[in-house]
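Novice: Have a look at this one before I ask anything.
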């Protein structure tokens with residue numbers, strides 16, 4: 001397996017810059033709780049991407065923190081904006097089921113060609129993305145990963161059996177979904 005190298009502090013600036021860009025571009029047209037969910041997703045997605053590039057795994061505690069943050073954002077909304085919070089809750093749970101079940105199926109069919117951390121990350125990301133955005137995010141990320149792997153194989157940088165970290169590509173799919181498609185669809 002090839003090692004993916006990362007050095008310097010530049011990768012750690014990704015999340016703050018993207019969150020600032022999100023706030024600048026979406027603050028007028030997005031509900032504040034949805035904007036907060038998107039910002040938190042961008043932060044956790046960047047952390048998961050960096051972790052996957054460095055360690056080739058996603059720690060369970062990162063997934064648990066991500067889940068906890070979602071609960072801390074959505075549950076209080078039930079008391080203040082009940083209808084919107086119920087819509088976020090329903091959409092998020094459906095998104096988590098879609099993301100988790102689809103990736104779990106791929107994990108089982110591919111004989112662990114996909115990592116368990118990828119499955120858990122997409123299930124929890126489905127909470128943030130919602131029912132209408134989790135599948136496009138997964139599709140964009142998977143296509144980007146396949147194209148990149150194909151190019152790397154053609155250039156003989158990796159072999160057919162070598163693994164590439166999937167989370168950075170899934171994160172790119174999430175970014176495309178949040179910035180271009182609109183993100184959380186209630």
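The values are calculated or read from the model by the stated rules, or taken from the named source; none is laboratory data. If you're wondering where the values come from, they're calculated on a predicted model, not measured in any experiment. Here the Cβ is made from the backbone with ideal geometry for all residues, glycine too, and neighbour counts use every protein chain on show.
Novice: From the residues in segment 151-169 that are outside any loop (DSSP other than H, G, I, E, B) and touching a residue at least 60 places away in the same chain (Cβ under 8 Å), which one is surrounded by the fewest Cβ atoms within 10 Å (Cβ to Cβ)?
Specialist: 168
To keep it simple, each residue is scored yes or no on (1) more than 19 Å from residue 164 (Cβ to Cβ); (2) surrounded by 13 or more Cβ atoms within 10 Å (Cβ to Cβ); (3) within 15 Å of the chain's Cα centre (by Cα); (4) without any contact (Cβ under 8 Å) to a residue 12 or more places away in the chain.
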| site | (1), (2), (3), (4) |
| --- | --- |
| 54 | no, yes, no, no |
| 68 | yes, no, no, yes |
| 92 | yes, yes, yes, no |
| 97 | yes, yes, yes, no |
| 104 | yes, yes, no, no |
| 110 | no, no, no, yes |
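Novice: Using the structure shown, decide if residue 63 is under 26 Å from residue 13 (Cα atoms) and modelled with pLDDT of 95 or more.
Specialist: Answer is yes for this residue.
Novice: Could you say whether any residue in segment 176-184 is surrounded by 22 or more Cβ atoms within 10 Å (Cβ to Cβ), modelled with pLDDT under 95 and part of a helix (DSSP H, G or I)?
Specialist: So the first thing to find is which residues in segment 176-184 are surrounded by 22 or more Cβ atoms within 10 Å (Cβ to Cβ), and the list is 177-178, 183-184.
Cutting the leftovers down to modelled with pLDDT under 95 gives us 177-178, 183-184.
Checking which are part of a helix (DSSP H, G or I) leaves us with 177-178.
The answer is yes, given that some residue of segment 176-184 is surrounded by 22 or more Cβ atoms within 10 Å (Cβ to Cβ), modelled with pLDDT under 95 and part of a helix (DSSP H, G or I).
Novice: Output yes when any residue across segment 78-97 is touching a helix residue (DSSP H, G or I) at 6+ places or on another chain (Cβ under 7 Å), modelled with pLDDT under 95 and closer than 30 Å to residue 156 by Cβ, and no when none is.
Specialist: Checked segment 78-97: no residue is touching a helix residue (DSSP H, G or I) at 6+ places or on another chain (Cβ under 7 Å), modelled with pLDDT under 95 and closer than 30 Å to residue 156 by Cβ.
Novice: Yes or no: residue 34 farther than 21 Å from residue 167 by Cα, touching a residue at least 60 places away in the same chain (Cβ under 8 Å) and surrounded by 17 or more Cβ atoms within 10 Å (Cβ to Cβ)?
Specialist: When the stated conditions are applied, residue 34 passes them.
Novice: Being within 14 Å of residue 169 (Cβ to Cβ) and not in a helix (DSSP H, G or I) is the filter here, so list the residues in segment 97-118 that pass it.
Specialist: 114, 115
Novice: Just need a number here: residues in segment 123-137 that are surrounded by fewer than 24 Cβ atoms within 10 Å (Cβ to Cβ) and part of a helix (DSSP H, G or I).
Specialist: Adding up the residues that qualify gives 3.
Novice: Let me ask something additional. Residues in segment 34-53: is at least one in contact with a helix residue (DSSP H, G or I) (Cβ under 8 Å, 6 or more places away or on another chain), modelled with pLDDT of 85 or more and part of a loop (DSSP other than H, G, I, E, B)? Give the derivation first.
Specialist: Keep residues of segment 34-53 that are in contact with a helix residue (DSSP H, G or I) (Cβ under 8 Å, 6 or more places away or on another chain), which gives 34-53.
Right, trim to modelled with pLDDT of 85 or more and you get 34-53.
Now restrict to residues that are part of a loop (DSSP other than H, G, I, E, B): none.
No: segment 34-53 contains no residue that is in contact with a helix residue (DSSP H, G or I) (Cβ under 8 Å, 6 or more places away or on another chain), modelled with pLDDT of 85 or more and part of a loop (DSSP other than H, G, I, E, B).
Novice: I would also like to ask the following. Residues 130, 173: which one is under 30 Å from residue 35 (Cβ atoms) and touching a residue at least 40 places away in the same chain (Cβ under 8 Å)?
Specialist: 130
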